[in-house]
Structures are given as structure tokens and as C-alpha cells.
1. Note down all Cβ pairs under 8 Å where the first residue falls in the stretch 357-371 and is free of Cβ contacts under 8 Å to residues at least 40 places away in the same chain and assigned by TED's automatic domain parsing to the domain that holds Lys185, the second is of a type in the set (Lys, Arg) and assigned to a strand (DSSP E or B), and they're at least six residues apart or on different chains.
2. Could you say whether any residue in the stretch 124-137 is among the hydroxyl-bearing types (Ser, Thr, Tyr) and more than 23 Å from Lys185 (Cβ to Cβ)?
3. Could you tell me whether Leu168 is out of contact with any Asp or Glu (no Cβ under 6 Å at 6 or more places or on another chain), in a strand (DSSP E or B) and buried (at least 16 other Cβ atoms within 10 Å of the Cβ)?
4. Can you name the condition, by its number, that Leu187 falls short on among (1) surrounded by fewer than 20 Cβ atoms within 10 Å (Cβ to Cβ); (2) assigned to a loop (DSSP other than H, G, I, E, B)?
5. Out of all the residues in the stretch 287-303, is one or more more than 16 Å from Ala256 (Cα to Cα) and within 37 Å of the chain's Cα centre (by Cα)?
6. Could you list all residues from the stretch 1-32 that are assigned by TED's automatic domain parsing to the domain that holds Arg58, under 27 Å from Ala78 (Cβ atoms) and free of Cβ contacts under 8 Å to residues at least 60 places away in the same chain?
7. Would you be able to say whether some residue in the stretch 199-217 is crowded, with 22+ Cβ neighbours inside 10 Å and either closer than 30 Å to Ile286 by Cβ or in contact with a helix residue (DSSP H, G or I) (Cβ under 7 Å, 6 or more places away or on another chain) (or both)?
Amino acid sequence: WAPIGTTGNANARLLAADPDTRIRFIPNAGFKGLVKIAFVAWDQTAGVNGGILAAGTRGGSTAFSAVYEYADLNVTNAAPVLNAAGTPTFDGVSVNVLDVNNPGTLVSDLISRMGPAGGITDADPGALQGIAIIGLTGTTNGNWQFTIDNGTTWAPIGTTGNANARLLAADPDTRIRFIPNAGFKGLVKIAFVAWDQTAGVNGGILAAGTRGGSTAFSSVYEYADLNVTNAAPVLNNAGAPTFDAIQMDVVDSSNAGTLISDLIARMGPAGGITDADPGALQGIAIVGLTGVANGTWQYTIDGGANWAAIGTTGNSNARLLASDPDTRIRYVPNPGYSGQEKIAFVAWDRTAGVNGGILATGTRGGSTAFSLDWEYAALDILFSGPPLI
């Protein structure tokens, strides 16, 4: 075989009608559509089969017809077929994962994980594979991103649907990842159809509302799940944390309370809170109080501008308080009361609930937001009565 090359009236390619002379078109990878040639008749009285000859003068006694014709060639496509009987999954990520530790999942791996029950097939020989994302969940809990250069640059997948599907090829460089918001854990997913790369470009956007037949998209869609996992915090209760002591009959303006972060720090060096998750946040969940008959436990989450009662607490209604610069606890004793009161708490990694809120903590450890073990923290109300005579 030889290329026909550039042709025109000045350089027509001569081809004989015989048992051995053929024309073919070699489409580029993924191309489908109509191509054509323009030709005149040639009676082989000038030039040679396979040769080049000027054909600008035609008709009369020349070797060429005066009239020309077109011949069409249609490069057809069969849409890929997606079998949605599988359960493809992304590589899981940890809560608060750093971008540098989140390489995502290859689109090719995602497709291979559709099997053995499901998968993508194509009747066209040598068909390319890819996916077109037509839906996303988790957009309020983080950001979906893609790369087509193996992680050198990442871009948001953005809003997707049948009118604006994100096209991603199954190749060594195209990946998808999810960047969870701080503290988020749970399941997110994408919806996709198969894409054979015969329309659109890798990383681009294309309407995928018309599918099957000779289109680039499968009729059937599939879901792929990504699980953002959490490891519960671990509380070591070998310490003896304490609140800042207060005087009997202390006035509110002099009762600033104790930062949650300071309370946690005072669990050391013998005890403390650790977490296997990178960048894990800290806090406590109060599951018990003493001294409710002798005063009121209060908390603030705005640095003391506003205080609220901690209220009744337990495993079914723990008070959540974050370790941050603005969250404090204080005890407001009844007039004339002195003594020691305490709270019982578990560690809280802030992957469930909100600062200042209430949440059940009966189930702890494992992948929950709460430590299995609990600790006590004591607060002394110092006697400050008149001296004895």
C-alpha cells in the first residue's frame, strides 16, 4: 500500500479498474464520520496505473472525462456497551487526607474494577475506552478533581450531567480524586457512562444525552463509590487533667473558664489524645457532670462573648466542644459553695456533629468520631471566706 498523497487537476492519481487495484482509508484512532474522493474517468491511454498525471485538460481526445464525480466512505462506530452488574470503587481516602497523599484512582483501574460481573465492551476492533461523568454526589462535602497528566496538574470536574459530561480516558495518566472537606467522612459517588473516545477530547466536556447506536456513549450508566474513612481518636486516661481553679463566689467577669485545648494538653505527659488520621482535629464530648446541684457548667464557642449551659449530658446526649482558640468551659458555683467538681468526657475528632452541639456517643471507637475510653477533669472551687479568729 502507498499513500494517495496530495491530488488536484495538476497531479491526479491514476488508478486502473482491474482485479488488483484498490483504495482504502486508514482513519485516525477514534475517528468516525464521512470522507470522500473526487475523481474523473481515466481510459488508461496516458499515464500508468498508480502514477501521477495532470488532468486539467479533459474531454475530447484526452484520457479523462470532462465530468467529475464524488465517492463517499463512511467510518462507522458502534457505541460501547456498559454492563452495570458490577460494583466499581475508587481507592479509599482517610478523613483530612493531605493533597500530596491523595493520588486518586486511574480511570483504567476504575473500569477494570467493574468486573467480573460488569464491565465495558465494544464491537469495534481496537476500540478505546474511557468514561463520561454525568453525575456527582458529595459536592457539599468536598471537591472532585481530575488529572490527565498523572497528577502534575489537577482541575475540578465541575458540574456534570447529560448536557455537560466530563470525558476521561482510560490511559496511564488520567485519574480522579475526591478532596474531602475537613472532618468529612462517608460515601460519595460518581455516575458515568462508557465513552469510546470517538467524539470529544480527554478532559473535555460534551453532551451525552444521546447515547447508544453509533454514538460515543453507552446507553447504560454505572455508579462508582469512594469511601472517606475515619479512625476514631484514642484517649489515654493515665493523666489527671484539671481546669483552672476559681474562687468561691467568683463574679462572671473574672470567670473566664478553661480552653478545651488547654484541658487536653493537661492530660499529658502520662495521658492524652492521639489519632491515626493525618491532620485530625481534636475536641471532647462531655458524657457526665458533677456539681449540678451546687452550680452551673457553661461553655462558650466565641471566646466568652456568649455563654450557654452545658445541660444534662450522657451517652445519648453528649455536649461536643472543639479544641480551638474560642471554645471554653467554666463552672459558675452557687453563692458560698466551695469544693471540687468534675466532668467526664471522651475524645471527639469532629468528623460528626458540630462544635457546641449535642450528639449520641454510645457507639465509640472503630470508625466513629469518639474514643472508646473516657477521662475525668477536675475543677477546684477555692474557699475564700473570712479568716477564722
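The values are calculated or read from the model by the stated rules, or taken from the named source; none is laboratory data. This is a predicted model, so every value here is computed, not measured. Glycine gets a Cβ as well: all are built from the backbone with ideal geometry, and neighbour counts include every protein chain shown.
1. Matching pairs, first to second residue: none at all.
2. No: zero hits.
3. When the stated conditions are applied, Leu168 passes them.
4. Looking at each condition in turn, Leu187 falls short on (2).
5. Yes: one or more hits.
6. Hits for the stretch 1-32 are Arg22, Ile23, Arg24, Phe25, Ile26, Pro27, Asn28.
7. There is no residue in the stretch 199-217 that is crowded, with 22+ Cβ neighbours inside 10 Å and either closer than 30 Å to Ile286 by Cβ or in contact with a helix residue (DSSP H, G or I) (Cβ under 7 Å, 6 or more places away or on another chain) (or both).
Residue-wise test of (1) in a loop (DSSP other than H, G, I, E, B); (2) farther than 20 Å from Ala66 by Cβ.
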| residue | (1), (2) |
| --- | --- |
| Thr7 | yes, no |
| Ala10 | yes, no |
| Leu15 | yes, no |
| Arg22 | yes, yes |
| Ile37 | no, no |
